[in-house]
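Trainee: Sharing a structure, written as structure tokens. Questions coming.
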Amino acid sequence: MFRSTLTGLLAALFLPTVLHAAPAPPAPKTKPASMAVEHAYFAMGCFWCGESDFEGRPGIKSVTSGYTGGPVKHPTYEQVSSGTTGHFESVDIAYDPARISYAKLLDIFWHSVDPTQSDGQFCDLGPQYRSAIFYRDSTEAKAAYASKRAIEKSGVLKKPIVTLIVRAGDFWPAEEYHQNFCQNNPEHYQSYREGCRRDQRLAQVWGKAAAKPSMH
């Protein structure tokens, strides 16, 4: 009985202390990493160059070469290259909107293409190589048209803009050997880019404002 009485007294003495003990301090707040990923779709002529124009920039998660704009499902490179599928060589840019805005992507796009060329891009000719912006919603459409008007108003271009601005459809990734071509086949890529005189033409069109590929 003494043991039970003593235990009860000890509990009574310590219970208030337990009940009134200061709560544990809250864990320090940490800013969560941005988990949002958005996608932007552009046609820029050769998709190898489209990849290198965007890859490695802050906020860019990945760039995938592929085909979009036409009705053919699961198109192949050979089919798209024929110019009969309605598809464009294009890129799917996965990006973090907290680190890079869609407006910034548009700015990079415009200064990486010749918006005045209607028969393709640079040395690649045919409808499959035309430049285009594929918007996913009204917000992107407004941003695309606003960026186009701003360039037209600036007077920097000597000819009218013929880049297409159209609603995005299905995007079909290109064959694996086309992905990350600049990194996986640097000599072939560099030979193509120089032979096509892409950077020389960009300098003629945009002057010092011409975009420089983030990976070269």
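Trainee: Identify, from the list A174, A146, the residue that is under 13 Å from G50 (Cβ atoms) and among the aliphatic types (A, V, I, L, M).
Mentor: A174
Trainee: Going through the stretch 171-216 one residue at a time, which ones are under 21 Å from the mean Cα position of the chain (by Cα), polar (S, T, N, Q) and in a helix (DSSP H, G or I)?
Mentor: The answer is Q183, N184.
Trainee: Where residues in the stretch 26-54 are of a type outside the set (A, V, I, L, M, F, W, C) and farther than 20 Å from Y135 by Cα, which of them is modelled with the highest pLDDT?
Mentor: Checked the stretch 26-54; the qualifying residue modelled with the highest pLDDT is S52.
Trainee: Sort through R167, R197, R99, R130 and tell me the only one that's at pLDDT 95 or above, within 30 Å of P71 (Cα to Cα), of a type in the set (K, R) and surrounded by fewer than 16 Cβ atoms within 10 Å (Cβ to Cβ).
Mentor: Step by step, each of R167, R197, R99, R130 is checked, and only R167 is at pLDDT 95 or above, within 30 Å of P71 (Cα to Cα), of a type in the set (K, R) and surrounded by fewer than 16 Cβ atoms within 10 Å (Cβ to Cβ).
Trainee: Further question: Within the group P58, P115, P75, which residue is part of a loop (DSSP other than H, G, I, E, B) and surrounded by fewer than 16 Cβ atoms within 10 Å (Cβ to Cβ)?
Mentor: Exactly one of P58, P115, P75 is part of a loop (DSSP other than H, G, I, E, B) and surrounded by fewer than 16 Cβ atoms within 10 Å (Cβ to Cβ), namely P58.
Trainee: Quick one: which residue in E175, E152 is closer than 22 Å to S118 by Cα, loosely packed, with under 15 Cβ neighbours inside 10 Å and acidic (D, E)?
Mentor: None of the other options fit; the residue is E152.
Trainee: Only one of these conditions is not met by S65: (1) of a type in the set (S, T, N, Q); (2) without any contact (Cβ under 8 Å) to a residue 60 or more places away in the chain; (3) buried (at least 19 other Cβ atoms within 10 Å of the Cβ); (4) outside any helix (DSSP H, G or I). Which number is it?
Mentor: (2)
The values are calculated or read from the model by the stated rules, or taken from the named source; none is laboratory data. Model, not experiment: these values are computed from the prediction. Quick reminder, even Gly has a Cβ in these numbers, built from the backbone with ideal geometry, and neighbours come from all protein chains shown.
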